[in-house]
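See below for the structure under consideration.
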Amino acid sequence: MSFRIIPVLTAAVPVLAGTIPGISPSAAPSTVAQAEIAHLLSYLAASDCRFFRNGKWYEPRDARDHLQDKYDYLRRKAMVGTAEDFIRFAATQSSVSGKPYRVKCGAGEPRQSAAWLTEELSRHRAASVR
């Protein structure tokens, strides 16, 4: 099951972009940033982790589809230039409710999605240097 961004995001993101410090239009993501974001999305989809947003747990592929939709929207608006931007603006919290996203892997405790994805980004970058 895939979930699409509801129209509230379309109205909210441009308003937020002009009013919240740290959110401003940026250059298009570099090839490296696009590859890192693609890796994070694939990592999520292939994980055994469930994704919590707006009061409900979602399977990894559904979560990936949702974050892909958010990324595509933000990229069209030139609001994502780096993998960190992707995590901050698309994968940290709901654009509708403002509630944080969480990830639960196996029997582990739920974690903030931003920390989970940032750790994977660090591992991916370290492996890419070798």
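Every number in this text was worked out from the coordinates using simple rules, so none of it is lab data. If you're wondering where the values come from, they're calculated on a predicted model, not measured in any experiment. Here the Cβ positions follow ideal geometry from the backbone for every residue, glycine too, while neighbour counts run over all protein chains shown.
Modelled spin-label separation between ALA45 and TRP57, with each label point placed 7 Å from Cα along the Cα-to-Cβ direction: 2.3 nm. Restricting the range 22-130 to chymotrypsin sites (Phe, Trp or Tyr not before Pro) that sit in a DSSP loop and have at most 11 other Cβ atoms within 10 Å of their own Cβ leaves nothing. In this Cβ point-charge picture (+1 for Lys and Arg, -1 for Asp and Glu), the range 66-123 has a dipole of about 160 debye about its Cα centre.
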